[in-house]
1. If I require 15 Å or longer along the helix axis, counting alpha carbons, and a Kyte-Doolittle average no lower than 0.0, what helices from the chain are left? Use full DSSP H segments.
2. To the nearest 20 debye, what charge dipole does the chain have about its Cα centre, counting +1 at the Cβ of each Lys and Arg and -1 at the Cβ of each Asp and Glu?
3. Report the gain in length on full extension from K19 to V37: 0.36 nm times residue separation, minus Cα-Cα distance, nm rounded to one decimal.
4. Which one, G31, N54, P77, is farthest towards the positive end of the dipole of the stretch 27-110 when Lys and Arg carry +1 and Asp and Glu -1 on their Cβ?
5. Connecting C-alpha atoms closer than 10 Å in a GNM of the chain, tell me which of A47, A24, A66 has the biggest fluctuation.
6. Would you list, by chain and number, the aspartates and glutamates whose Cα falls below 19 Å from the Cα of K110, excluding same-chain residues fewer than 8 positions away?
7. Kirkwood Rh, Cα Rg: Rg to Rh for the chain?
8. Report the label-to-label distance for Q74 and E101 in nanometres (one decimal), using points 7 Å from each Cα along the Cα→Cβ vector.
Amino acid sequence: MACLLSVASSGRLLTVFSKWFYNAAGFNKIGLMRDDVLHEDRDVQEAVKRLPENLYNERIFRIKRALDLSMKHQILPKNQWIKYEEDMRYLEPYLKEVVRERKEREDWQKK
């Protein structure tokens, strides 16, 4: 019973810490999502190319708006910040596919 209690409380603690870190990072205050700030290596670039047009356009809008706000040393009004719960990993399925294909290609070339 005590073990279950500690697991549950550690899960809540992790969630609280994750939300705190998300807000402390600050990218949500200029309207960016987690996938907007990924380091753009070849895999990420290929995944971005595979995005549907609407997701790609939304990404470009968020990045341009963030650059404009950054140049002006401003942040969005608090009601427009991206919340932890609203932040979706829109690039993740495309990125997983790209990484899987790259690994498959590397394995094929080894043979």
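1. Sorted by number, the helices that extend far enough and score high enough are 2-25.
2. In debye, rounded to 20, the chain gives about 200.
3. 4.8 nm
4. Result: P77.
5. Of A47, A24, A66, the most mobile in the Gaussian network model is A24.
6. Candidates past the 8-residue exclusion: E101.
7. Answer for the chain: 1.10.
8. Result: 4.0 nm between the two label points.
Only the coordinates and a few stated rules stand behind these numbers; no lab work does. Treat the numbers as computed from the prediction; the structure is a model and nothing was measured. All Cβ positions, glycine included, derive from the backbone under ideal geometry; neighbour counts span all protein chains shown.
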